Amino acid sequence: YLHITATNLELKLKDTDAVKPIGQIKATTKELEYLTSNLLSWVKFDAINLLDQKQVVDLHLLFESIVDFVLPFKQSDYVSIVNNVPKGLVIKGWHDPMRVLFYNLIMNSIRSTNKGLIEITVVSNSNTVAISIKDTGIGMSESMISYLLTGIKPSNNFVTPKYKTGNGVGYQIIRNLVKLVFAELKIESKVGIGTEVQIVLTKL
(Lines give C-alpha, C1' and ligand atoms only; values in the text may rest on other atoms or scores of the structure.)
Protein backbone atom coordinates (compact mmCIF):
# COMPACT_ATOMS: atom_id res chain seq x y z
CA TYR A 1 0.00 0.00 0.00
CA LEU A 2 2.78 2.44 0.92
CA HIS A 3 4.67 1.66 -2.30
CA ILE A 4 1.59 2.15 -4.50
CA THR A 5 0.67 5.39 -2.71
CA ALA A 6 4.21 6.78 -3.04
CA THR A 7 4.28 5.83 -6.73
CA ASN A 8 1.01 7.65 -7.39
CA LEU A 9 2.17 10.70 -5.43
CA GLU A 10 5.46 10.85 -7.31
CA LEU A 11 3.60 11.02 -10.62
CA LYS A 12 1.33 13.83 -9.44
CA LEU A 13 3.76 16.00 -7.47
CA LYS A 14 4.84 19.31 -8.95
CA ASP A 15 7.01 20.39 -6.01
CA THR A 16 10.54 19.31 -6.97
CA ASP A 17 11.67 19.38 -3.31
CA ALA A 18 9.09 16.72 -2.47
CA VAL A 19 9.78 14.42 -5.42
CA LYS A 20 13.09 13.06 -4.06
CA PRO A 21 11.86 12.00 -0.58
CA ILE A 22 8.72 10.46 -2.10
CA GLY A 23 10.95 8.57 -4.54
CA GLN A 24 13.03 7.30 -1.62
CA ILE A 25 9.89 6.12 0.18
CA LYS A 26 8.79 4.35 -3.01
CA ALA A 27 12.15 2.58 -3.41
CA THR A 28 12.50 1.68 0.27
CA THR A 29 8.99 0.24 0.61
CA LYS A 30 9.49 -1.79 -2.55
CA GLU A 31 12.72 -3.23 -1.16
CA LEU A 32 10.99 -3.94 2.17
CA GLU A 33 8.25 -5.82 0.32
CA TYR A 34 10.82 -7.88 -1.55
CA LEU A 35 12.96 -8.56 1.51
CA THR A 36 9.88 -9.71 3.41
CA SER A 37 9.05 -12.05 0.55
CA ASN A 38 12.67 -13.30 0.61
CA LEU A 39 12.52 -14.02 4.34
CA LEU A 40 9.20 -15.83 4.06
CA SER A 41 10.55 -17.91 1.18
CA TRP A 42 13.69 -18.70 3.17
CA VAL A 43 11.62 -19.76 6.20
CA LYS A 44 9.54 -22.01 3.96
CA PHE A 45 12.59 -23.60 2.32
CA ASP A 46 14.37 -23.97 5.66
CA ALA A 47 11.32 -25.49 7.35
CA ILE A 48 10.80 -28.24 4.78
CA ASN A 49 14.56 -28.56 4.08
CA LEU A 50 13.62 -30.03 0.72
CA LEU A 51 12.85 -28.56 -2.68
CA ASP A 52 10.60 -29.74 -5.46
CA GLN A 53 12.09 -31.34 -8.52
CA LYS A 54 14.37 -29.14 -10.62
CA GLN A 55 12.83 -27.01 -13.33
CA VAL A 56 14.33 -25.30 -16.36
CA VAL A 57 15.72 -21.88 -15.35
CA ASP A 58 16.74 -19.27 -17.93
CA LEU A 59 19.72 -17.64 -16.21
CA HIS A 60 19.83 -14.59 -18.46
CA LEU A 61 16.16 -13.77 -17.82
CA LEU A 62 16.56 -14.48 -14.11
CA PHE A 63 19.34 -11.91 -13.79
CA GLU A 64 17.56 -9.43 -16.08
CA SER A 65 14.59 -9.41 -13.71
CA ILE A 66 16.82 -9.01 -10.64
CA VAL A 67 18.90 -6.21 -12.21
CA ASP A 68 15.77 -4.31 -13.28
CA PHE A 69 14.53 -4.48 -9.71
CA VAL A 70 17.74 -3.39 -7.96
CA LEU A 71 18.72 -0.49 -10.25
CA PRO A 72 16.94 2.14 -8.08
CA PHE A 73 19.09 1.08 -5.10
CA LYS A 74 22.45 1.99 -6.69
CA GLN A 75 24.47 4.37 -4.52
CA SER A 76 25.19 6.67 -7.46
CA ASP A 77 24.92 7.10 -11.21
CA TYR A 78 28.62 6.19 -11.40
CA VAL A 79 27.80 2.52 -10.82
CA SER A 80 26.90 0.24 -13.73
CA ILE A 81 25.30 -3.18 -13.34
CA VAL A 82 26.01 -5.44 -16.30
CA ASN A 83 24.35 -8.78 -17.00
CA ASN A 84 26.85 -10.72 -19.12
CA VAL A 85 24.99 -14.02 -18.83
CA PRO A 86 24.43 -15.22 -22.42
CA LYS A 87 20.87 -15.09 -23.70
CA GLY A 88 19.22 -18.47 -23.86
CA LEU A 89 21.48 -20.08 -21.24
CA VAL A 90 19.24 -22.48 -19.34
CA ILE A 91 19.99 -24.96 -16.55
CA LYS A 92 18.00 -27.31 -14.37
CA GLY A 93 17.52 -25.69 -10.99
CA TRP A 94 15.12 -24.04 -8.54
CA HIS A 95 13.98 -20.60 -9.69
CA ASP A 96 12.62 -19.13 -6.43
CA PRO A 97 15.52 -19.95 -4.05
CA MET A 98 18.03 -19.01 -6.76
CA ARG A 99 16.33 -15.64 -7.18
CA VAL A 100 16.47 -14.99 -3.43
CA LEU A 101 20.13 -16.07 -3.35
CA PHE A 102 21.33 -13.89 -6.22
CA TYR A 103 19.21 -10.91 -5.19
CA ASN A 104 20.97 -10.85 -1.82
CA LEU A 105 24.41 -11.15 -3.42
CA ILE A 106 23.77 -8.33 -5.88
CA MET A 107 22.35 -6.08 -3.16
CA ASN A 108 25.52 -6.67 -1.12
CA SER A 109 27.59 -5.50 -4.10
CA ILE A 110 25.39 -2.43 -4.51
CA ARG A 111 25.78 -1.47 -0.85
CA SER A 112 29.58 -1.67 -1.03
CA THR A 113 30.09 -0.02 -4.43
CA ASN A 114 29.75 3.73 -5.01
CA LYS A 115 31.69 3.89 -8.29
CA GLY A 116 32.57 1.47 -11.05
CA LEU A 117 31.07 -1.81 -12.15
CA ILE A 118 29.00 -4.70 -10.86
CA GLU A 119 29.30 -7.51 -13.38
CA ILE A 120 27.45 -10.82 -13.59
CA THR A 121 29.17 -13.58 -15.58
CA VAL A 122 28.84 -17.33 -16.07
CA VAL A 123 31.33 -20.09 -16.86
CA SER A 124 29.66 -23.31 -17.91
CA ASN A 125 31.22 -26.74 -18.46
CA SER A 126 29.91 -30.27 -18.74
CA ASN A 127 29.31 -30.71 -15.01
CA THR A 128 28.92 -27.28 -13.39
CA VAL A 129 27.80 -23.71 -13.89
CA ALA A 130 29.85 -21.07 -12.04
CA ILE A 131 28.01 -17.77 -11.62
CA SER A 132 30.14 -14.80 -10.56
CA ILE A 133 29.09 -11.41 -9.20
CA LYS A 134 32.10 -9.11 -9.28
CA ASP A 135 32.21 -5.51 -8.08
CA THR A 136 34.69 -2.65 -7.80
CA GLY A 137 33.56 -1.81 -4.29
CA ILE A 138 35.52 -1.33 -1.08
CA GLY A 139 36.40 -5.00 -0.68
CA MET A 140 36.87 -6.90 2.56
CA SER A 141 39.49 -8.53 4.75
CA GLU A 142 40.29 -12.23 5.04
CA SER A 143 38.64 -12.22 8.47
CA MET A 144 35.43 -10.84 7.01
CA ILE A 145 35.49 -13.40 4.18
CA SER A 146 35.90 -16.22 6.71
CA TYR A 147 33.04 -14.85 8.78
CA LEU A 148 30.71 -14.58 5.79
CA LEU A 149 31.53 -18.09 4.58
CA THR A 150 31.15 -19.78 7.96
CA GLY A 151 29.09 -17.48 10.17
CA ILE A 152 31.75 -17.86 12.88
CA LYS A 153 33.48 -14.74 14.15
CA PRO A 154 37.25 -15.07 14.62
CA SER A 155 38.31 -14.63 18.23
CA ASN A 156 40.98 -12.07 17.34
CA ASN A 157 41.51 -9.26 14.84
CA PHE A 158 37.92 -9.15 13.70
CA VAL A 159 36.76 -5.72 12.62
CA THR A 160 33.41 -5.24 10.96
CA PRO A 161 33.84 -2.79 8.04
CA LYS A 162 32.31 0.62 8.59
CA TYR A 163 30.12 0.17 5.53
CA LYS A 164 28.55 -2.97 7.01
CA THR A 165 25.00 -2.32 8.18
CA GLY A 166 22.15 -4.58 9.19
CA ASN A 167 22.21 -7.70 11.31
CA GLY A 168 23.90 -10.25 9.06
CA VAL A 169 20.67 -11.93 8.01
CA GLY A 170 21.60 -11.55 4.32
CA TYR A 171 24.56 -13.92 4.44
CA GLN A 172 22.73 -16.25 6.79
CA ILE A 173 20.10 -16.60 4.05
CA ILE A 174 22.83 -16.99 1.42
CA ARG A 175 24.66 -19.74 3.31
CA ASN A 176 21.47 -21.70 3.92
CA LEU A 177 20.26 -21.42 0.33
CA VAL A 178 23.67 -22.41 -1.05
CA LYS A 179 23.46 -25.58 1.04
CA LEU A 180 19.84 -26.19 0.06
CA VAL A 181 20.51 -26.05 -3.70
CA PHE A 182 23.68 -28.17 -3.38
CA ALA A 183 25.94 -25.33 -4.52
CA GLU A 184 29.35 -24.06 -3.46
CA LEU A 185 30.06 -20.51 -2.28
CA LYS A 186 33.42 -18.86 -2.96
CA ILE A 187 34.57 -15.32 -2.13
CA GLU A 188 37.66 -13.48 -3.32
CA SER A 189 38.23 -9.90 -2.23
CA LYS A 190 40.85 -7.22 -1.67
CA VAL A 191 40.31 -4.16 0.46
CA GLY A 192 39.97 -1.07 -1.72
CA ILE A 193 39.77 -3.06 -4.95
CA GLY A 194 36.58 -5.08 -4.94
CA THR A 195 34.94 -8.44 -4.39
CA GLU A 196 34.00 -11.45 -6.48
CA VAL A 197 31.43 -13.91 -5.16
CA GLN A 198 30.99 -17.15 -7.04
CA ILE A 199 28.18 -19.68 -6.79
CA VAL A 200 29.00 -23.04 -8.34
CA LEU A 201 25.94 -25.09 -9.27
CA THR A 202 25.98 -28.70 -10.40
CA LYS A 203 24.22 -29.65 -13.62
CA LEU A 204 23.38 -33.14 -12.32
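The values are calculated or read from the model by the stated rules, or taken from the named source; none is laboratory data. From a predicted model like this one, the values you see are computed outputs, not experimental measurements. Neighbour counts run over all protein chains shown; Cβ positions are idealised from the backbone, glycine included. Keep in mind that these areas ignore ligands, DNA and RNA; they rest on the heavy atoms of the full protein, side chains included. Shrake-Rupley method; radii C 1.70, N 1.55, O 1.52, S 1.80 Å.
Observations on the structure shown:
- Rounded to the nearest 10 Å², the accessible area of LYS134 at probe 1.4 Å: 110 Å²
- DSSP loop chymotrypsin sites (Phe, Trp or Tyr not before Pro) with at most 13 other Cβ within 10 Å: longest gap in the chain: 79-157
- The listed residues THR113, THR121, THR28, once ranked by accessible area (1.4 Å probe) with the largest placed first, stand as THR28, THR121, THR113.
- The relative contact order of segment 98-154 comes to 28 percent, based on Cα pairs under 8 Å that sit 6 or more residues apart.
- The chain pair-distance distribution - Cα-Cα, 5 Å bins, rounded %: 1, 7, 14, 18, 19, 17, 12, 7, 4, 2, 0, 0
- Surface composition of the chain: carbon and sulfur make up 56 percent of the accessible area, probe 1.4 Å.
- Annotation: amide H-H contacts under 5 Å for VAL82 (H modelled 1.01 Å from N, sequence separation of 5 or more, or interchain): ILE118, GLU119, ILE120.
- Where the chain is the region considered: accessible area per residue in Å², 1.4 Å probe: 59 Å²
- Taking all protein chains as they are arranged and a probe of 1.4 Å, the heavy atoms of SER65 leave approximately 40 Å² accessible to solvent.
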